[in-house]
Amino acid sequence: MNPTLTVLVYSSVAAAAAALGILPFAGRDRSVPLSWVGWANALAAGLMLGAMFGIAEVGLDRSLLAAVGGAILGMSFIYWTHRISRATDLDLNSLENTSPEYGYQVLLVQSLHAASEGVAMGVAMSITLELGVFTALALAVHNVPEAAVLCAVLLSRGIRLRDASGLAVVANVSQVLLAVSTFAVLGAMPALLPWAVGFVMGALVYLVMSELLPESYSQSGHTSIALLTSVAMGVVVLLNGVLL
Amino acid sequence: MTPVSTVFAYGLLTAAATGLGAIPFLFVRTVSHRGVAYANAIAAGLMLGACFGLIAEGTAHGSWQTIVGLNVGIVFILLVQRLLARYEVQIGSLRQASSRRVVLILVVMTVHSFSEGVAVGSAFGGGMALAGLVTVAIAVHNIPEGLAISAVLRPRGANILQCVGWSIFSSLPQPLMAVPAFLFVEAFEPGLAFGIGFAAGAMVLMVFLELLPEAYQKERTPRVARIVSATFVAMILFQRLL
């Protein structure tokens, strides 16, 4: 298969996986306990850290200064997109806030979040195609609990199940665009790779620390959050070690 | 010097380097509520970064052993935490939750030094040049660990000498383990990946169970996120440099 096509296919699989986020709500009452939201966030956080581990381990070479620059860019990117979308201090998991503005904000933040994941996939594909496929699949699994959180917010606003599932996929389309374009740019300019690896490290860890983990602790117990995050990360790292 | 005392001396050197991590706290006297959050965030970033480095090294020795070690480490810290919650642990005038965090980080860091000691000792099996290199690498890498320990101890009322003392204490397993590892390199080799995984699991659970929740509780999320991310990336790159 043509490499660019591979990127397109696997990043699309990852985005489509978000549709599965409605599964926990398939029951009659269309709602889940708040602690599930926390667990979904912790699971997503662990999977994301695990996916980043592979990129950091293989992708970092000797040009560490470029990686530092990239990491600063990645963190600043998330910081400024939060500022601009006025999401810096926003509770992204609110099930009570039903203002229209909040709905748009949550979808926007989700799209930006998915964009960074897309960059991660594109970078991983540029390192080796195997790592790229692995990263895309890890992030596809990560997208399921993440979309479940999004669906919890959407359903609490009275949106239909089918529409919530569709919106979750739409919010992840930016992933496909960014994965393909990152891969194309790095193919044309391989010298940018250390910058891109740094960018992914900075952006992903910042996303975990600012969006996924903070609210999970108040939604469920500390022990369950810590366990889920560590074990999810450990599983991805194990698979990374065994398969690649 | 006999070979054994040389190995011991090198191990002691790496342990002493841990004490250097307390130096920044020479200039910080009183620590506010917010300062605790910052210090926790720094320690969390450093430890998470260190654990990435450990896992990468462990998987080089054996993936499965590393992962088994990782899970045993996670369970170990959970048990220690439960144990500390059941018995009143009181250090000086610290409140109970604070005492628990202090004891936990000391246990985690001390336990993880065992595998570093083994690394120093076995490196001597590969000749003096390699041994020197590994010793310097571990000594330098110990400094941020001392920083992480002091970042937890200092805001909770420990003075600078105690920070230095406990930092060095946490690395004492290094000289102690380096000698038997040097003498029985072959016997220790299969256990190394397990030990490294154990250390990583203990650290990662400590980060998510104790350090991060308290940081989020005491300071606004974006600040915590920024500090954790920055120290995390810095720690990973720093390990690459060695």
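The values are calculated or read from the model by the stated rules, or taken from the named source; none is laboratory data. Keep in mind it's a predicted model, so treat the numbers as computed, not measured. Quick reminder, even Gly has a Cβ in these numbers, built from the backbone with ideal geometry, and neighbours come from all protein chains shown.
For this structure, a couple of remarks:
- Among (1) crowded, with 20+ Cβ neighbours inside 10 Å; (2) within 11 Å of chain B (Cβ to nearest Cβ), the one test that residue A:114 misses: (2)
- Pick from region B:194-242, criterion β-branched (Val, Ile, Thr), in contact (Cβ under 8 Å) with a residue 12 or more places away in the chain and closer than 28 Å to residue B:82 by Cα, ranking: farthest from the other protein chains (Cβ to nearest Cβ): B:196
- Selection from region A:176-231 of residues that are among the hydroxyl-bearing types (Ser, Thr, Tyr), more than 9 Å from chain B (Cβ to nearest Cβ) and surrounded by fewer than 24 Cβ atoms within 10 Å (Cβ to Cβ): A:181, A:220, A:224
- Exactly one residue out of B:145, B:116 is modelled with pLDDT of 80 or more, under 20 Å from the mean Cα position of the chain (by Cα) and charged (D, E, K, R), and it is B:145.
- When residues of region B:179-190 are limited to those that are in contact (Cβ under 8 Å) with a residue 24 or more places away in the chain and surrounded by fewer than 24 Cβ atoms within 10 Å (Cβ to Cβ), the one farthest from residue B:131 (Cα to Cα): B:190
- Looking across A:162, A:157, one residue alone is without any contact (Cβ under 8 Å) to a residue 40 or more places away in the chain, farther than 21 Å from residue A:82 by Cα, away from chain B (no Cβ under 14 Å) and among the basic types (Lys, Arg). It is A:162.
- Region B:57-85, residues that are buried (at least 22 other Cβ atoms within 10 Å of the Cβ), among the aliphatic types (A, V, I, L, M) and closer than 16 Å to residue A:57 by Cα: none
- Scanning region A:40-78 for residues that are of a type in the set (Phe, Trp, Tyr) and at the interface with chain B (Cβ under 10 Å from one of its Cβ atoms) gives a single hit, A:53.
- Options A:92, A:73, A:49, A:23; residue that is in contact (Cβ under 8 Å) with a residue 40 or more places away in the chain, part of a helix (DSSP H, G or I) and more than 22 Å from residue A:131 (Cβ to Cβ): A:23
- Condition met for residue A:1 (farther than 27 Å from residue A:217 by Cα and of a type outside the set (Lys, Arg)): yes
- Within region B:100-137, tally of residues that are in contact with a Gly (Cβ under 9 Å, 6 or more places away or on another chain), within 18 Å of residue B:21 (Cβ to Cβ) and of a type in the set (Gly, Ala, Ser): 1
- Options A:98, A:81: the member that is more than 10 Å from chain B (Cβ to nearest Cβ) and more than 21 Å from the chain's Cα centre (by Cα): A:98
- Residue among A:196, A:184, A:147, A:188 that alone is out of contact with any strand residue (DSSP E or B) (no Cβ under 8 Å at 6 or more places or on another chain), of a type in the set (Gly, Ala, Ser) and within 18 Å of residue A:17 (Cα to Cα): A:147
- Unmet requirement for residue B:158, which otherwise passes all of (1) without any contact (Cβ under 8 Å) to a residue 60 or more places away in the chain; (2) away from chain A (no Cβ under 14 Å); (3) part of a helix (DSSP H, G or I); (4) over 20 Å from residue B:81 (Cβ atoms): (3)
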